Amino acid sequence: MSLKRRSPALEEAITRAGGVTKLAAAMTAEGCKITKAAVCLWDEVPALRVRLVSKITGVAMRRLRPDLYA
């Protein structure tokens, strides 16, 4: 069984936010109700969440999802 790994940019965003719990809390405070468990399931930031994660963490959208923001 292979486990998915988080993208390096997502790892950086989580670190900058202070952890998964704090990232989820910051997103909820911005009006995007999301749980820690949901964030833990990400291997990359979902397309609909890229702008908010970038705003909260300062990680560029093009780093979070280069397939969408080249």
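The values are calculated or read from the model by the stated rules, or taken from the named source; none is laboratory data. Keep in mind it's a predicted model, so treat the numbers as computed, not measured. Don't worry about glycine lacking a Cβ; one is built from the backbone with ideal geometry, like all the others, and counts go over all protein chains shown.
In region 1-59, how many are loosely packed, with under 13 Cβ neighbours inside 10 Å and among the hydrophobic types (A, V, I, L, M, F, W, C)? Residues that pass the stated criteria total 8. Within region 10-29, being in contact with a Leu (Cβ under 8 Å, 6 or more places away or on another chain) and either in contact (Cβ under 8 Å) with a residue 40 or more places away in the chain or closer than 11 Å to residue 40 by Cα (or both) holds for 10, 13, 14, 17.
Before we move on, is residue 6 at pLDDT below 95 and under 10 Å from the mean Cα position of the chain (by Cα)? Let's see the steps before the verdict.
Numbers: at pLDDT below 95: yes; under 10 Å from the mean Cα position of the chain (by Cα): yes.
Spelling it out, residue 6 is indeed at pLDDT below 95 and under 10 Å from the mean Cα position of the chain (by Cα).
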